[in-house]
1. Which FRET efficiency value, to the nearest 0.05, is calculated for S89 and S149 with the Förster distance at 25 angstrom and r the Cβ-Cβ distance?
2. Would you mind putting 104-112, 153-161, 124-132, 79-87 in packing order, based on average other-beta-carbon counts within 10 Å, highest first?
Amino acid sequence: MIYEYEKKDQAVNASADHHCVTPFGVYSIRSGGQLIKGISFQGAGSSLPVSAQSNDEAVSLFLTSFFQGNDPLKEFRVLFLKNHERIASFGNMSKSDGIMELRLDMAGFSPAALAVYSSLMGVRYGATISYGGLAERAGLKGAARFVGSCMARNRFPVIIPCHRVIKADGSPGYYTPDPKLKKHLLQIESLSGNGVAHR
């Protein structure tokens, strides 16, 4: 089984955590109301107290699709929201019905950080980009260190694919949850053969 998921009834506005078990460890998903607040990597062998809402289920399905070697943005829509207003949309925009949406709470991020994350969402599945390249794409030329800081503070790993940002020499570079995990995530995407490298 790629993931384990158990749903329990929750009040719509309550905070909730649930866990998604992947081949490389456990992701803890935190939500509040209809927004996803954050995702953190708990590692292998973690305990799994589970409570969730429908938006969390979408995250589990998104992660499952990814770890099965698929590009989830072909099947899902990711929304950036700030103060409950949509500021950006990514993924499958061609369908109006029957598509699952992941609503990410981007509160607390500066305009520059939002520009970095939005630009990163445009780096397609299977591709990579350097820290400096992403800074330039976001209109922040020369701000590679700032991009690195944004990657370290990314509250939504895999969904906002910070694992695709690598060093200029082609080496993987840092990854806050676990550097080994970054290599695994890049390998999953490279095996699909869907992308090309960006520098």
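Values quoted throughout were computed directly from the atomic coordinates according to the rules given, and no laboratory measurement underlies them. These numbers were taken from a predicted model, which means no experiment stands behind them. As a convention, Cβ positions derive from the backbone with ideal geometry for all residues, glycine included, and neighbour counts pool all protein chains shown.
1. Details: r = 25 Å, r/R0 = 1.00.
Calculated transfer efficiency: 0.50.
2. Details: 104-112: 15.7, 153-161: 21.7, 124-132: 19.4, 79-87: 13.6.
The peptides rank, most packed first, as 153-161, 124-132, 104-112, 79-87.
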